[in-house]
Amino acid sequence: MLALRNFKTLTRNVASIFNSFSTQNPNHELSPIPSCTQYDDLINAAGRERDFATLRYLLNKRVREGFFNTVDTFKFISTDLSVLDELSKHIAGLNGFTRKSSYDSLVAQLAKMHRIPEAVRVTEMMSTNEYGATASTFHPILNALSRKKEMAKAWRVLEAMRACGIQPDVTAFNHILTAFCYIGDLKSAANVLESMEEEGLAADSRTYDALVLGACKAGRLDGALSVLRRMMDDELPALYCTYGHVIKGMVRSGCNAQALEFVRSFAGKDPRLDAENFGILATHLIRMNKIEEAKDVVKEMENRGFKMDHQSKDFYELNKFCL
């Protein structure tokens, strides 16, 4: 009888949240197959009410239906961090992948809030209890610290990973490397590369992207091009933004003709990349008031049939009769 009463109570709680969600969103009917956003909204509603029975039910249900957790699954703790310990205890009662993915999302939310000590504490608890902590669990923490250039703390997180028996992967190092390269600290970036080599990690496309960015930030366009050539020799696909770093660096240095030649040298292989590269070049020439050079680029974009952003399109329309 007790089990039956508990099940009926749980059913009423879930129905109440669904009804509440529909009331709060009168123009949005809950679809037969919910979305990740709808599940996040329902879980956050349960969390704000501290209805952990319903919260656990929804976490299990969404995974069964193939909807993964997101960085917003536990957004409700951003306004009430006092619930963290109780929430963590209830997540521990879940099983397998549902538990791991829930903890990973909780860590991501804490990192987004820049509550780094709490995020690290959750990762350590996951490791101690063998709840599936992996290198990717720590990535949001390293990303948050690197974005704020808190590099000493980021290095300590790498040590925390090792203390948990988790080998830092290339993505973990890339977060730190990108931060150093963004500020043009090539010496520290070189130290990161040495650490990666000591760990036996091979560079990936994001690693090379960071190095090209660092060289451009330091005004070393020759170094950026050298890294890009090395990347191609290693048969690693360059990210679109990697080409963008070089284009922007050339325009900032006044190497406008070289920038156009650079863009043309890659044209014809990937239409989307071509449109991206020509668009970045046009935009930055316009912003730098390089009118004549910008005219040549937008004219070529029009001739090649590339889609232009609003700024380039307006510039083209204004100047098309004198191109």
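The values are calculated or read from the model by the stated rules, or taken from the named source; none is laboratory data. Please read all numbers here as calculations on a predicted model, not as lab measurements. Cβ: placed from backbone, ideal geometry, glycine included. Neighbour counts: every protein chain shown. Calculation scope for accessible area: heavy atoms of the full protein, side chains included, ligands and nucleic acids excluded. Shrake-Rupley method; radii C 1.70, N 1.55, O 1.52, S 1.80 Å.
List of remarks:
- Candidates Arg162, Arg115, Arg156, filtered to the one that is among the basic types (Lys, Arg) and under 21 Å from Lys89 (Cα atoms): Arg115
- Flag if Arg229 is within 28 Å of the chain's Cα centre (by Cα) and in a helix (DSSP H, G or I): yes
- Search result, residues across region 204-213 that are out of contact with any Pro (no Cβ under 7 Å at 6 or more places or on another chain) and either surrounded by fewer than 22 Cβ atoms within 10 Å (Cβ to Cβ) or of a type outside the set (A, V, I, L, M) (or both): Asp204, Arg206, Thr207, Tyr208, Asp209
- Test for Glu300: is it open to solvent by less than 50 Å² (accessible area, probe 1.4 Å) and among the charged types (D, E, K, R): yes
- Of the residues making up region 278-291, those that are hydrophobic (A, V, I, L, M, F, W, C), under 16 Å from Ile247 (Cα atoms), in a helix (DSSP H, G or I) and open to solvent by 10 Å² or more (accessible area, probe 1.4 Å) number 2.
- In region 110-130, the qualifying residues are those that are within 16 Å of Gly96 (Cα to Cα) and of a type outside the set (S, T, N, Q), and the one that is nearest to the chain's Cα centre (by Cα) is Met126.
- Looking at Ser265, Ser188, just one residue is open to solvent by 20 Å² or more (accessible area, probe 1.4 Å) and either touching a His at 6+ places or on another chain (Cβ under 6 Å) or more than 25 Å from Val297 (Cβ to Cβ) (or both), and that residue is Ser188.
- In region 131-200, counting only helices (runs of 4 or more DSSP H) that sit wholly within it, the ones holding 1 or more residues that are more than 21 Å from the chain's Cα centre (by Cα) span 151-163, 186-198.
- Residue list for region 32-75, restricted to those being of a type in the set (D, E, K, R), in a helix (DSSP H, G or I) and within 14 Å of Thr98 (Cβ to Cβ): Arg56, Lys61, Arg62, Arg64
- Pick from region 94-129, criterion at pLDDT 95 or above and outside any helix (DSSP H, G or I), ranking: surrounded by the most Cβ atoms within 10 Å (Cβ to Cβ): Arg115
- The sole residue among Ala294, Ala259, Ala275 that is among the small types (Gly, Ala, Ser), modelled with pLDDT of 95 or more, open to solvent by less than 80 Å² (accessible area, probe 1.4 Å) and part of a helix (DSSP H, G or I) is Ala259.
- Among the residues listed as Asp51, Asp85, Asp40, the single one being open to solvent by less than 20 Å² (accessible area, probe 1.4 Å), at pLDDT 95 or above and of a type in the set (Asp, Glu): Asp40
- Count - residues of region 214-256 that are surrounded by fewer than 21 Cβ atoms within 10 Å (Cβ to Cβ), farther than 24 Å from Val297 by Cα and not basic (Lys, Arg): 9
- Filter result (closer than 15 Å to Ile43 by Cα and open to solvent by 50 Å² or more (accessible area, probe 1.4 Å)) within region 73-82: Lys75, Ser78, Thr79, Asp80
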